[in-house]
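Asker: Next up is a structure, given as structure tokens.
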Amino acid sequence: MRRIAAWLSDRLGLGPVVRTVLHHPVPPSTTRGVTGWLYVLGFVTAAALVVQVVTGIALTSRYVPATAAAYESVQILSGEFWGGLIRGMHYWGATALVVFMLLHMLRSFLMGAYKFPREMLWITGVLLFGFVMMMAFTGQLLRWDQDGLWGSVVASQYAARVPLVGDALKRFILAGDAVSGATLGRFYSLHVVLLPLLLFALFGVHMYLVVHHGISERAQPGKPVDPRTYRKEYDRLLEREGLPYWPHAVWSEIVAAAAMVAGVIVLALLIGARALGDPPDPASVPSHPRPDWYLMWYYALLAVKPRGFEDLVMVYLPIIALVVLVMLPLVRSRGERAPSRRPLAVASAGLVVFAFVALTITGYREPWVPRLETPVLTARELGAGTSPEVLAGARVFHETGCQFCHAVAGTGGRWGPDLTDVRSRISEPVLVDRILNGIGDMPAYRGTLSAEQLESIVRFLDAVRVRQP
Amino acid sequence: MHSADHSPGRRRFFERISLAAGGVFSLLLALPFIGFYIAPARKRRGLWRDVGAVDEFGIGSITRITYPDPEPDPWSGLAVRNAAWLRRDGVAEFTAFSIYCSHTGCPVRWVAGANAFLCPCHGGVFDRDGNVSAGPPPRPLDRLTVRVRNGRVEVLPLGVPDQD
């Protein structure tokens, strides 16, 4: 057995590979203690990528990339045990991939791992981040339910804003001037062939660089990176106390990766993939087209940003973000790496994380969306003794759309103020003025409401205030 | 070995021919690839579509109209359909609005009671003339060209908005 292994190793030329990859020394600070676990994030991200490849290959054997059949094929395989499990794993694997990639990126940023000589590690990482996000976006479209279909329209609208070539880009994305039978195939070949090929080429470069430059040692305050001496000191550190990657560093990575896969399977079994929406129909009007969670922040940003600036947020913001991330290691390649000596870096990372979380939560609350499904208020909510006139007012309040944005007695939309006690805040003439002429995001209702309807709404709002204890 | 094999000129010649041939190889592969992807994108489906008899639409009403792609791929399914909103203004006068919100392209819904088109994505509101009355949309809803021929209403379809 040993002789066969030796023969294979010799004839396959494995010696140098094993020495450089498996036995290369790593700084002991990255393998010890609680903070040692921070160094498993990259490996777990790569492991999540493997989960996506394996489950993705399985899915292509059943998925039908034709607009007439895609939705049904996803529906049918989701209904089966193994199909549901694999699709659930692909969904939660994507979530794991995005989450661990972001954490890995955050760690590399906070620990200054992007500095000399690892600038290209960071830059290839940023490009990998871009590819993973494109995979995530094209993947959610392949479900080809209403969200998928309208997601492709929204993507084309982003592209359409690019100066000069916008219209051509839009047609290129949709394969025509609107969604048609040719649209889905484009996203399919992107998601399944082109993007993975490019992603893996880049991933190979990223891996080569990890081995070539070695993993960065834990940052020490007061020991800034100096390109003239860094390599010499790093080599001396490895010579003195470096530990072989196998198995000193790798064991915790594999343990974490196994835990990740177990988590993905548990989530796939307990929760499953995101449920399919309604069947795709470009001629119907869905009430809730939504992106998946990793783009929810962006979706929210477009609603809560100041009015205007569409081109800035939809075209230039992603470009600026990419340029800033790529430039970061080039303009900050030397100096302190320890977070305690880089308050501005820590603060900006904190700000980005805070904005991401806050916008994501806002996106799920989506207060700006008109609540078309909100029910008419009846005596049940307004009290048994409510007069027929006030109940009629409640019906007008609902049918003229007031209630889509305004709540009364806890029922209704959330974009405008709650109107339950509006009359204790503003006088009747002011109320009438706001209704007729609008204010802010409140449209003017002059010409829409008859005098009777207006009167009815005003009486209704007057009555609900009186009812308040 | 002949010493001419090592002459700098000969070396330069081979370098250049390698780079040129590499360029030719890439170009010959890229052209059909790009052409293949661009071909369907150039297709314009700008043909008049019949969306119903004039009398099917009440004067003053706004109705969702749907019309199929005239030359769909056989595997298109529901994707052959497209829609717009049609307003009947008089005996033979009609106005048609794009279903795509001018903000990010989500489909707007006409809500008669509120006298408004509401967008389900970012809360855009348009009045019955398609003008923005609230929310983030930067410009009015696009309008389709409508004509009446032999008692039938026909529209010239618009794709998703151009955004320029």
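Asker: Would it be correct to say that A:Val396 is part of a loop (DSSP other than H, G, I, E, B), in contact (Cβ under 8 Å) with a residue 24 or more places away in the chain and crowded, with 20+ Cβ neighbours inside 10 Å?
Answerer: For A:Val396, the condition - part of a loop (DSSP other than H, G, I, E, B), in contact (Cβ under 8 Å) with a residue 24 or more places away in the chain and crowded, with 20+ Cβ neighbours inside 10 Å - is not met.
Asker: Please give the number of the condition A:Val162 fails out of (1) within 10 Å of chain B (Cβ to nearest Cβ); (2) without any contact (Cβ under 8 Å) to a residue 60 or more places away in the chain.
Answerer: Here A:Val162 clears every test but (2).
Asker: Can you pull out every residue in segment A:360-392 that is more than 14 Å from every other protein chain (Cβ to nearest Cβ), surrounded by 16 or more Cβ atoms within 10 Å (Cβ to Cβ) and in a helix (DSSP H, G or I)?
Answerer: Listed by number, the residues that qualify are A:Thr360, A:Leu382, A:Val390, A:Leu391.
Asker: Can you go through A:Trp150, A:Trp92 and tell me which one is under 23 Å from A:Leu317 (Cα atoms) and touching a residue at least 12 places away in the same chain (Cβ under 8 Å)?
Answerer: Only one candidate passes the filter, namely A:Trp150.
Asker: Can you say whether A:Leu328 is within 14 Å of chain B (Cβ to nearest Cβ), of a type outside the set (Gly, Ala, Ser) and crowded, with 18+ Cβ neighbours inside 10 Å, as far as the supplied structure shows?
Answerer: No, not satisfied.
Asker: Turning to a different aspect of this structure: Residues in segment A:231-248: is at least one assigned to a helix (DSSP H, G or I) and within 22 Å of the chain's Cα centre (by Cα)?
Answerer: no
Asker: Being part of a helix (DSSP H, G or I), exposed (fewer than 15 other Cβ atoms within 10 Å of the Cβ) and under 18 Å from the mean Cα position of the chain (by Cα) narrows it down to one of A:Val313, A:Val357, so name that one.
Answerer: So the residue among A:Val313, A:Val357 that is part of a helix (DSSP H, G or I), exposed (fewer than 15 other Cβ atoms within 10 Å of the Cβ) and under 18 Å from the mean Cα position of the chain (by Cα) is A:Val357.
Asker: Residue pairs, Cβ under 8 Å, 6 or more apart or interchain, first in segment B:73-84 and within 7 Å of another protein chain (Cβ to nearest Cβ), second among the basic types (Lys, Arg) and surrounded by fewer than 21 Cβ atoms within 10 Å (Cβ to Cβ). List them.
Answerer: Filtered contacts from segment B:73-84: B:Ala83/B:Arg64.
Asker: Sticking with this one: Any residue that is under 23 Å from B:Pro120 (Cβ atoms) and in contact with a helix residue (DSSP H, G or I) (Cβ under 8 Å, 6 or more places away or on another chain) - is there at least one of those in segment A:428-437?
Answerer: No: zero hits.
Asker: So A:Glu72 passes all but one of these: (1) within 30 Å of A:Phe109 (Cα to Cα); (2) modelled with pLDDT of 95 or more; (3) charged (D, E, K, R). Which condition number does it fail?
Answerer: With (1) within 30 Å of A:Phe109 (Cα to Cα); (2) modelled with pLDDT of 95 or more; (3) charged (D, E, K, R) applied to A:Glu72, the lone miss is (1).
Asker: Right, something else. For residues in segment B:54-73 being aliphatic (A, V, I, L, M), touching a Gly at 6+ places or on another chain (Cβ under 9 Å) and surrounded by 15 or more Cβ atoms within 10 Å (Cβ to Cβ), which is nearest to B:Glu93 (Cα to Cα)?
Answerer: Among them, the one singled out is B:Val54.
Asker: So how many residues does segment A:52-69 have that are within 15 Å of A:Gly88 (Cα to Cα) and in a loop (DSSP other than H, G, I, E, B)?
Answerer: Residues meeting the conditions: 2.
Asker: Residue under question is B:Asp69, and the condition is that it be touching a helix residue (DSSP H, G or I) at 6+ places or on another chain (Cβ under 8 Å), farther than 25 Å from A:Trp368 by Cβ and facing chain A (nearest Cβ under 7 Å); does it hold?
Answerer: Yes.
Yes/no matrix, rows are residues, columns are (1) buried (at least 20 other Cβ atoms within 10 Å of the Cβ); (2) farther than 30 Å from A:Leu449 by Cα; (3) in contact with a Pro (Cβ under 9 Å, 6 or more places away or on another chain):
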position	(1), (2), (3)
B:Arg87	yes, no, no
B:Val91	no, no, no
B:Ile99	yes, no, yes
B:Pro107	yes, no, yes
B:Pro120	yes, no, yes
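Asker: Cβ-Cβ under 9 Å, sequence separation 6+ or interchain: first residue in segment B:96-125 and more than 7 Å from chain A (Cβ to nearest Cβ), partner crowded, with 22+ Cβ neighbours inside 10 Å and of a type in the set (Lys, Arg). Which pairs?
Answerer: none
Asker: Considering only segment A:167-214, state which residues are assigned to a loop (DSSP other than H, G, I, E, B) and either within 13 Å of chain B (Cβ to nearest Cβ) or surrounded by fewer than 19 Cβ atoms within 10 Å (Cβ to Cβ) (or both).
Answerer: A:Ala175, A:Gly176, A:Asp177, A:Ala178, A:Val179, A:Ser180, A:Gly181, A:Ala182
Asker: While we're on this one: Of all residues in segment B:82-131, how many are basic (Lys, Arg) and over 26 Å from B:Val148 (Cβ atoms)?
Answerer: Final tally of qualifying residues: 0.
The values are calculated or read from the model by the stated rules, or taken from the named source; none is laboratory data. Bear in mind that the values here come from a model prediction, so they are computed numbers and not experimental data. Because the Cβ atoms are built from the backbone with ideal geometry, glycine has one as well, and the counts that use them run over all protein chains shown.
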